[in-house]
Amino acid sequence: MGCTVATTLVVAVTACSSGGSGKASAAAATTANDTSSSAPTTPPASTNTPTNPPSTTESAASTSASVPTAPPTSVPSTSASLSQTSGAYLKTLLPVSGTEALLSLGPTLPPGWTAATARELDSGPTPKPPAPSLIDGDDCTYLVKQSPTLDLAEGLSVANASEGLTSTTTSASLIIYAYAPGDAAKSLAQVRQNLASTCNGFTAMLNTGAVHVDVAATPVSNLGDEALLVKITPDGPYVDAENLVVRHGNVTLSLFANNELAPLPDLSPVAAALIGGMG
């Protein structure tokens, strides 16, 4: 169901279990939280320490002109030399477009999709402490706090890289997360269990009245090691949103979109193209 009122203020929300009982409430606005980390600042270039000049005795004993040696040249960093739990490494997994795509310089998107490479962000060259889990008991307000975006892969992550995506009819966002060994599967399992048992719906209290919002979490086959498509569908003036979370080892793709400005896209081909390039 589409949404016609995208800027209405959410003044409170009550989460509902599968039995319909209230579980939690919170004040929230429909402005999306920024889940992307700031791009790292460039570290200062290292300086070379000059070598000691030859002694006077050595200079006098020399009978031929010394041949100057070329200064050492720096070697550009490659993904192989980066920590795979760093934002700098994850950035190499982001899709490319235009000339870079023609030259096969990075992952490419399905036909019709374009990567906004100028808006790439990453969390830097070193891992961060694990992010807090999104799931906190029976509290479902995390689903509302992110509206009108829906990104359920951040919990327990230690690094991320992000990019905007567009097609001829719609747009989406991509964030790639890295985790400590085992935490990618753990984070996705927490979300899956919570949506199935506790947060399969909530009631958004708007200025215009209460709106019930259904939450559906559907496993998606043939994508990575495991994948989950989460959709929120309102019975009134509230934004529809979707989030396709795909795990590949200790890395997770989070693709998300809403129908605030354009129809919801099919994100599966995008995920398949990116996961397929990870080996």
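The values are calculated or read from the model by the stated rules, or taken from the named source; none is laboratory data. Here the structure is a predicted model, which is why all the values come from computation and not from measurement. Cβ: placed from backbone, ideal geometry, glycine included. Neighbour counts: every protein chain shown. Protein only, heavy atoms only, side chains kept; ligands, DNA and RNA dropped before computing areas. Shrake-Rupley method; radii C 1.70, N 1.55, O 1.52, S 1.80 Å.
Odds and ends about this structure:
- Just so you know, in the stretch 218-274 the residues that are polar (S, T, N, Q) and in contact with a Phe, Trp or Tyr (Cβ under 8 Å, 6 or more places away or on another chain) include one that is nearest to L109 (Cα to Cα), and it is S254.
- Scope the stretch 215-224; condition loosely packed, with under 15 Cβ neighbours inside 10 Å and either of a type in the set (K, R) or outside any strand (DSSP E or B) (or both); matching residues: S221, N222
- Figure legend. Inter-residue proximity from the stretch 254-278: first residues under 17 Å from L90 (Cβ atoms), second residues part of a helix (DSSP H, G or I) and modelled with pLDDT of 95 or more, beta-carbon distance below 7 Å, spacing 6+ or different chains. Indicated pairs: L255/V270; L255/A271.
- Hits in the stretch 125-138 (condition: open to solvent by 50 Å² or more (accessible area, probe 1.4 Å) and either polar (S, T, N, Q) or part of a strand (DSSP E or B) (or both)): T126, D136
- A153 being free of Cβ contacts under 8 Å to residues at least 40 places away in the same chain and open to solvent by less than 40 Å² (accessible area, probe 1.4 Å): no
- The set of residues in the stretch 169-186 that are open to solvent by less than 40 Å² (accessible area, probe 1.4 Å) and more than 16 Å from L253 (Cα to Cα) contains only T170.
- Qualifying residues in the stretch 105-124 (those that are under 14 Å from the mean Cα position of the chain (by Cα) and assigned to a loop (DSSP other than H, G, I, E, B)) - the one surrounded by the most Cβ atoms within 10 Å (Cβ to Cβ): S123
- For L93, the criteria (1) assigned to a loop (DSSP other than H, G, I, E, B); (2) touching a Ser or Thr at 6+ places or on another chain (Cβ under 7 Å); (3) of a type in the set (A, V, I, L, M, F, W, C); (4) open to solvent by 20 Å² or more (accessible area, probe 1.4 Å) hold in every case but one, which is (2).
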